[in-house]
Amino acid sequence: MKEETIVLHTGHRRDETTTSVAVPIYQTTSYQFDNTEHASKLFSLQELGNIYTRIMNPTCAVLEERMAKLEGGVAAMAVSSGQAASTFSIQNICHSGDNFISSTDLYGGTWNLFNNTMKEMGIECRFVDPKKPEQFENAIDEKTRCIYGETLPNPKLQVFPIEEIGKIGKKHHVPLILDNTAAPYICKPFNHGANIVVYSTTKYIGGHGLSIGGLLIDGGNFDWEKAGDRFKMLNTPDPSYHGAVWSEAAKPLGPIAYILRARVILLRDLGSSMSPFNAFTFIQGLETLPLRMQRHCENAKEIADYLSKHDKVDKVIYPKLMSGDHLERANKYMEKGHGALVGFELKDGVDAGKKFIDSLKLFYHVANIGDARSLAIHPSSTTHSQLSEDEKLSAGVTPGYIRLSIGLEHIDDLLEDLEQALNNS
Ligand code: PLP
């Protein structure tokens, strides 16, 4: 099946009891066992089935199956937010005393998590500039458990060198985890060497700004056993689960050791599960994701072209308008469009940036991306205001930088709003 069909049909055709075509919201905490033997088989994982909604739920399961198939992975796990997805993606394979390597170009919340909270947990994050892919290799040692990056990080919008860094990871038996939040449908990280994909479903998957959620997807393409001691958490007996060895326990189920452990250990112990109602809203969004992404990308391309010719604009930051390695990677990895985030720098700096935002009539002024509606923000005075001037510049935030998340409105209306706001800035 092609993507447009997967998002409508995978994991659910009709409800077995009621024949409902729409995916029902299974708003329940628990599930009645057939008898004591059945219950005991479920708990010991001899048989798979519903036990308790903190760990699994049939509405969430449809979202998980559809997203795993769409991405070309083998299994997925829904969680309560994108932040929970990033946290779990690391915690599932990193103990205190371990380290992992991350690209410097990250969403601010992820940067804080890696630089501060993970450090407090005893997990060291080694940051490397993705402009220098070879330096990822220099940072790997015997305690390195994974490499983490974002496919299309904003504000720089320079596409991550997926294949180059995937190869380095493979050479050292270290998996590559990619946050694909800004590029669902248009980029398929597993095709280029990523092993785990994380999402904030809050953005394009939901697409309508309704719910907070996240997902982890297992590519099933990393040999945890071969990596041996590097992954003790998957390859040695787990005392919290009757000595189960996850890479062994997963064998009858497929190459899903990573997601199996995440579900039965992290969801069991730390919670952060997705509510069935939120899963339902994400399923509604997902059904139109391919169509929406096409329109998002078309509108963004026209807006980037328009801004690049405007005399109040110094520079436009958009993957298609880059050069050298950045353009090459954008064309190679963003197979179905260059995304819907557009950055630009106003010639007259901070004051012009603020005036521009205050003059917008159609674009919403919010700290979000990936909504059906168009959104704008001036990072220097908002999301990045706590950083020093040097830190802002290394994050790609100049004083007059504006970030646009282009929505699905008619292009003429969007251009008219930008024109009048630029005239007032
Ligand atoms: N990853 C990226 C790229 C994001 O932009 C965000 C939020 O803006 C997150 C993760 C965190 O997602 P959430 O807000 O769902 O926790």
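Taking amide H atoms as placed 1.01 Å from N in the peptide plane, list the residues 5 or more away in sequence, or in a different chain, whose amide H sits under 5 Å from that of Asp179.
Gly149, Glu150, Thr151, Val198
How high is the relative contact order of the chain, in percent, counting Cα pairs under 8 Å that sit 6 or more residues apart?
Values: 846 pairs, mean separation 68.5, N = 425.
Relative contact order of the chain: 16 percent.
Could you name the lysines whose alpha carbon sits less than 16 Å from that of Lys251, not counting residues in the same chain fewer than 8 places away?
Output for Lys251: Lys226.
Quick one: 3J(HN,Hα) in Hz for segment 222-239, Karplus 6.51/-1.76/1.60 with θ = phi - 60°, rounded, Gly and Pro as x.
These are the phi-based 3J(HN,Hα) values: 10, 8, 5, 5, 4, 6, x, 4, 4, 10, 4, 5, 9, 10, 10, x, 9, x Hz.
Expressed as a whole number of Å, what is the distance separating the alpha-carbon centroids of segment 26-42 and segment 329-391?
48
Lys392: which aspartates and glutamates have alpha carbons under 19 Å from its alpha carbon, excluding same-chain residues fewer than 8 sequence positions away?
Asp105, Asp129, Glu150, Asp314, Glu345, Asp348, Asp351
Calculate, for Thr19 and Phe43, the FRET efficiency according to 1/(1 + (r/R0)^6) with r their C-beta to C-beta distance and R0 35 Å; round to the nearest 0.05.
According to the calculation, E is roughly 0.65.
Using 1/(1 + (r/R0)^6) with R0 = 41 angstrom and r between the beta carbons of Thr236 and Thr5, what's the FRET efficiency to the nearest 0.05? List each step's numbers first, then the result.
On the way: r = 42 Å, r/R0 = 1.01.
The calculated FRET efficiency here is 0.50.
Given the DSSP H assignment, sum -39500 (n - 2.57) over each helix run of at least 4 residues in the chain and divide by its residue total; what's the result at 222 nm in deg cm²/dmol, nearest 500?
Working: 16 runs with 145 residues, N = 425.
After summing the helix terms and dividing by the residues of the chain, the value is -9500 deg cm²/dmol.
From the phi of every residue in segment 76-92, what ³J(HN,Hα) in whole Hz does the Karplus formula 6.51 cos²θ - 1.76 cosθ + 1.60 yield, where θ is phi - 60° and glycine or proline is x?
9, 9, 8, 9, 6, 6, x, 4, 5, 5, 4, 4, 5, 4, 8, 4, 5
Are any of the pairs Lys171/Lys320; Lys203/Lys336; Lys69/Lys232; Lys156/Lys320 more than 23 Å apart by Cα-Cα distance, and if so, which? Present the calculation step by step, with values, prior to reporting the outcome.
On the way: Lys171/Lys320 31 Å; Lys203/Lys336 18 Å; Lys69/Lys232 28 Å; Lys156/Lys320 13 Å.
As for pairs spanning more than 23 Å Cα to Cα, those are Lys171/Lys320; Lys69/Lys232.
So how compact is segment 51-172: Cα radius of gyration and Dmax in angstrom?
Rg then Dmax for segment 51-172, in Å: 15.6, 47.
So how many Å³ per residue does the convex hull of the Cα atoms of segment 125-164 work out to? Present the calculation step by step, with values, prior to reporting the outcome.
Numbers: hull volume 3.0 nm³, N = 40.
Spread over its residues, the Cα hull of segment 125-164 gives 75 Å³ apiece.
For segment 355-363, just list the computed ³J(HN,Hα) in residue order, Karplus coefficients 6.51, -1.76 and 1.60, θ = phi - 60°, integers in Hz, with x standing in for Gly and Pro.
For segment 355-363, the Karplus curve yields 4, 4, 4, 5, 8, 5, 10, 9, 4 Hz.
Between 0 and 90 degrees, rounded to the nearest ten: what's the tilt of helix 289-308 against the longest Cα principal axis of the chain?
30
Going by alpha carbons, how many degrees (0 to 90, nearest 10) lie between the helix axis of 58-71 and the longest principal axis of the chain?
It works out to around 60 degrees.
Which angle from 0 to 90°, rounded to the nearest 10, does the C-alpha axis of helix 411-424 make with the longest principal axis of the chain?
50
At a 10 angstrom cut-off on C-beta neighbours, averaged per residue, how do the peptides 262-275, 220-233, 129-142 rank from highest to lowest? Don't jump to the answer; show the numbers that get you there.
Numbers: 262-275: 19.5, 220-233: 17.4, 129-142: 15.1.
Answer by packing, highest mean first, reads 262-275, 220-233, 129-142.
Semi-axes, largest first, in whole Å: what does sqrt of 5 times each Cα gyration tensor eigenvalue give for the chain? Walk me through the numbers before you get to the answer.
On the way: eigenvalues 285, 135, 63 Å².
They are 38, 26, 18 Å, listed largest first.
Among the listed pairs Lys167/Lys188; Lys188/Lys309; Lys131/Lys355, which are separated by more than 22 Å between their Cα atoms? All intermediate terms of the calculation are to be shown ahead of the outcome.
Numbers: Lys167/Lys188 16 Å; Lys188/Lys309 32 Å; Lys131/Lys355 33 Å.
Violating the 22 Å Cα-Cα cut-off are Lys188/Lys309; Lys131/Lys355.
Would you mind checking which residues have amide H under 5 Å from Leu346's amide H? H placed 1.01 Å from N; only 5 or more apart, or other chain.
Residues meeting the amide H criterion: Asp314, Gly400, Tyr401, Ile402.
Any read-out appearing in this document is the output of simple, stated calculations on the displayed coordinates, not a laboratory observation. This is a predicted model, so every value here is computed, not measured. Quick reminder, even Gly has a Cβ in these numbers, built from the backbone with ideal geometry, and neighbours come from all protein chains shown.
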